[in-house]
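One structure is given here, and the rest of the page talks about it.
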Amino acid sequence: MAKAIIPSMMLKVLDRSIQAHGAGGLSEDFPLAAMYAGGRTLRIADGPDEVHIQQIGKLELRRAEGIRTVNEKLKLKSKL
C-alpha cells in the first residue's frame, strides 16, 4: 500500500511547495525541482501505481476468501 500512496503524496507536497515558492521553486536556488524530478522518476522506476494497487487487490481477495472459508466452517460448527 505504501508503494502506491507515499510517492504520490510526496509529489503532491512538492508540487504545492513549488507553487508556494513561485519561479524560485523551479530554480536551482531551492532543491524542490530536483526533489520533484527524483520523486517522479521513483514512481516510474518502481512500477506504475496501478500495478501496486492491482497487486494489493489480488492479495485482499485471496485473504477475503480465506476469511469466508473460516466463517463458513464456524457456521457449520455452530449448527451442530
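A short reminder: the numbers here are calculations on the coordinates, not readings from a lab. Remember, predicted model here, so these are calculated numbers, not experimental data. FYI the Cβ positions are ideal-geometry reconstructions off the backbone, even for glycines, and counts take in every protein chain you see.
From the Cα gyration tensor of the chain, with a ≥ b ≥ c the square roots of its eigenvalues, which class applies: rounded if a/c is under 1.5, or else prolate if a/b is larger than b/c, or else oblate? Taking the square roots of the gyration eigenvalues as a ≥ b ≥ c, the chain is prolate.
Residues considered: 22, 38, 57. Largest GNM mean-square fluctuation over the chain, using C-alpha springs under 10 Å, is found at 22. Taking K and R as +1 and D and E as -1, what net charge do the other residues with C-beta under 14 Å from the C-beta of residue 70 add up to? Summing Lys/Arg as +1 and Asp/Glu as -1 gives +4.
As a length-normalised measure over Cα pairs under 8 Å and 6 or more apart, the relative contact order of segment 1-47 settles at 37 percent. Each peptide in 4-11, 49-56 was scored by the mean count of other Cβ atoms within 10 Å over its residues; highest first, the order is 4-11, 49-56.
Counting only alpha carbon atoms, the long axis of helix 32-45 and the longest principal axis of the chain meet at about 40°. For the chain, relative contact order (Cα pairs under 8 Å, six or more residues apart, normalised by length) works out to 31 percent.
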